[in-house]
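S.K.: I am attaching a structure below and will ask some questions about it afterwards.
The values are calculated or read from the model by the stated rules, or taken from the named source; none is laboratory data. Just so it is clear, the model here is predicted, and its values are computed rather than measured. Cβ atoms come from the backbone with ideal geometry, glycine included; neighbour counts cover every protein chain shown.
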Amino acid sequence: MVMKSKENSAGAWAFLVGVILAVLIGLSTTILIDIPVLAEYSAQIYAILVILGLIVGFLNVTGKDTHTFLISGTVLVIVSRFGMESVRGSLIGIGVGDVVTGVFGALLALFVPATIIVALKTVFSIAKI
């Protein structure tokens, strides 16, 4: 029987909900999926993504996972930001550029706060005497 740890389940749920929300809001800002409620409340949903990112940063990443999260979070943030620019220019003719840009932007709203919090926690743990 597999035993699951309950210590960071809130952070794991915040991460899962955040990624799903990020993809949904990214897709709903374009005409690919027409969800009027998500498009109407997109500013509030982006605020929820930022809050979920803070929760993920505070609760979900501890100990030995910090280094891995910082590397992967930093790569994700950098690639998403540069990907937004390059995809917008290269795929604009076929209509995919807006979709990818929306999803990348929403993922940035989730991962930037999480990565900043984990980086600050790491710096403060290194600075402890």
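S.K.: Among the listed residues Ile33, Ile55, Ile25, identify the single one that is within 18 Å of Leu108 (Cα to Cα), of a type in the set (Val, Ile, Thr) and at pLDDT below 80.
M.R.: Just a single option satisfies the conditions, and that option is Ile25.
S.K.: Can you tell me which residue among Gly97, Gly105, Gly89 is loosely packed, with under 11 Cβ neighbours inside 10 Å, part of a helix (DSSP H, G or I) and either of a type in the set (Gly, Ala, Ser) or at pLDDT 75 or above (or both)?
M.R.: Exactly one residue qualifies, and that residue is Gly89.
S.K.: Still on this model: In segment 49-66, which residue that is in contact (Cβ under 8 Å) with a residue 24 or more places away in the chain, over 11 Å from the mean Cα position of the chain (by Cα) and part of a helix (DSSP H, G or I) is surrounded by the fewest Cβ atoms within 10 Å (Cβ to Cβ)?
M.R.: Among them, the one singled out is Thr66.
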